[in-house]
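Encoded as structure tokens, the structure appears first; notes follow it.
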Amino acid sequence: MSDASRSRGSHAPGGIAAARRALVEWIDAAGEAGRSFLQVRLLRTGDGQYEIRHARDVHRSILSLETVTSDPYAARAVAQMTNRGEHRPLKTAPDLRQGWALVDLDARALWTALDYLYPACALHWHAGREGTVRVTHWREVAARQSGIYGAVKLLPPDVVRNTVRACCGDAVCLRRVAWEVDGDTPLQLPPEGDPVGEAPVPCPEACSMFVSFARQVLVLERAPRHELAGLGRLGAEEIEQVRQIATAAAAGTLGSAREGEFSEPTNRRRMRYLALRLADEKARTGELPAPELPCEGCPRAVPCRGCPMV
């Protein structure tokens, strides 16, 4: 039996039409300034006419941009690649390419184009404003995984928390996580900065990229660990990752791993997770930051902490 309408959130009957009206009214109310939605600028250009461009291109002449008139489906091609021509597997990653403008869009075309750029985001933005976001917590998402992903349900809450911080933070995804570990176990994430743009977009459940990354985390967490002076307990793969990061940094190739290549040691989410693991190890051992070294003949009335001259 289908869920009751009141429990469907933004997917209730009429939800899309209501969200589309709200979006248009929100843009119209801004006047000439327009509105920022994640990385794009939404602007009313005439009676029932709208334009979308990258927020960083807002002050550029329209003549300097690749323009597409009245065709919202052109947004699909815009959303596919980064400025460097790399595929974008996650459309809410902060790497939308610049240099384009979609012009002369009516309200329906505006909605369609925005949905190609950011699938379901306008709908979830409206649900967030109305307080009708229907979330699916991690335990439920994990429980329905099968095959090689079935074991992600074994991740404990503290590991899920670090996985979210590594995979879903502002630096890698522009949505705001609205789900928890389960109904009784909050994620307790540290506060992030202000949302990009004027429209916070909630994330109602873990996406396929998160599930894939969680599987990689599970492999790392299951590995035997060895105590290393100054680093704490690390697995063999994590130790190798430190070496690979140093090698890539020295060669100037750090950051070249693609977004979804979680087997690559220099993948950005892998490195973010390693940084959190190292921070946890530092907290576990109670290690203090290295003392600030004094200058020879330091004239300070109050010496630096750890000063050997005291």
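Quick notes on this structure:
- The single condition among (1) surrounded by 18 or more Cβ atoms within 10 Å (Cβ to Cβ); (2) part of a loop (DSSP other than H, G, I, E, B) that F210 does not meet is (2).
- Residue match in the range 87-97 (condition: over 18 Å from D170 (Cα atoms) and at pLDDT below 95): yes
- Any hit, the range 231-239, residues being closer than 30 Å to R84 by Cα and in the same structural domain as G183 (by TED's automatic domain parsing): yes
- Scanning the range 129-143 for residues that are in a helix (DSSP H, G or I) and either at pLDDT 95 or above or at positive phi (or both) turns up W138, R139, E140, V141, A142, A143.
- Subset of the range 217-254 that is polar (S, T, N, Q) and surrounded by 15 or more Cβ atoms within 10 Å (Cβ to Cβ) - its residue that is farthest from the chain's Cα centre (by Cα): Q244
One line per residue, one yes/no per condition, for (1) modelled with pLDDT of 90 or more; (2) out of contact with any strand residue (DSSP E or B) (no Cβ under 9 Å at 6 or more places or on another chain); (3) in a loop (DSSP other than H, G, I, E, B); (4) within 28 Å of R165 (Cβ to Cβ):
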residue: E261; (1), (2), (3), (4): yes, yes, yes, yes
residue: L278; (1), (2), (3), (4): yes, no, no, yes
residue: K282; (1), (2), (3), (4): no, no, no, yes
residue: C295; (1), (2), (3), (4): no, yes, yes, no
residue: R300; (1), (2), (3), (4): no, yes, yes, no
residue: C307; (1), (2), (3), (4): no, yes, yes, no
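- The range 143-156 residues that are surrounded by 11 or more Cβ atoms within 10 Å (Cβ to Cβ), paired with ones that are small (G, A, S) (beta carbon under 7 Å, 6 or more apart): V152/A142; V152/A214; K153/A142; K153/A143; L155/A214
- Any chance A166 is farther than 27 Å from I27 by Cβ, under 15 Å from the mean Cα position of the chain (by Cα) and buried (at least 20 other Cβ atoms within 10 Å of the Cβ): yes
- Test: S70 is more than 24 Å from A93 (Cβ to Cβ), surrounded by fewer than 12 Cβ atoms within 10 Å (Cβ to Cβ) and of a type outside the set (A, V, I, L, M, F, W, C): no
- Looking across the range 247-269, the residues that are within 20 Å of Y149 (Cβ to Cβ) and free of Cβ contacts under 8 Å to residues at least 60 places away in the same chain come down to E261, F262, S263, E264, N267.
- Applying the criterion of being basic (K, R) and within 20 Å of A19 (Cβ to Cβ) to the residues of the range 77-109, the residue that is surrounded by the most Cβ atoms within 10 Å (Cβ to Cβ) is K91.
- Filtered residues of the range 34-54 (kept if surrounded by fewer than 18 Cβ atoms within 10 Å (Cβ to Cβ) and either touching a Ser or Thr at 6+ places or on another chain (Cβ under 6 Å) or not acidic (D, E) (or both)): S36, T45, G46, G48, Q49
- Complete set of residues in the range 96-128 that are under 17 Å from R56 (Cα atoms) and of a type in the set (G, A, S): G99, A101
- Any hit, the range 112-120, residues being assigned by TED's automatic domain parsing to the domain that holds M81, touching a Leu at 6+ places or on another chain (Cβ under 7 Å) and not hydrophobic (A, V, I, L, M, F, W, C): yes
Listed here are the residues, each with its yes/no results for (1) touching a helix residue (DSSP H, G or I) at 6+ places or on another chain (Cβ under 6 Å); (2) in a loop (DSSP other than H, G, I, E, B); (3) not basic (K, R).
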site	(1), (2), (3)
P191	no, yes, yes
E205	yes, yes, yes
R215	yes, no, no
G230	no, yes, yes
Q244	no, no, yes
A250	no, no, yes
L254	yes, yes, yes
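- Extreme residue, modelled with the highest pLDDT, among residues of the range 1-56 that are within 19 Å of R134 (Cα to Cα) and hydroxyl-bearing (S, T, Y): S10
- Listing of strands (runs of 3 or more DSSP E) fully contained in the range 17-111 that carry 1 or more residues being in contact (Cβ under 8 Å) with a residue 40 or more places away in the chain: 35-37, 40-46, 49-54, 100-105
The values are calculated or read from the model by the stated rules, or taken from the named source; none is laboratory data. In this text, all values refer to a predicted model and were calculated from it rather than measured experimentally. Note: ideal-geometry Cβ built from the backbone for every residue, glycine included; neighbour counts use all protein chains shown.
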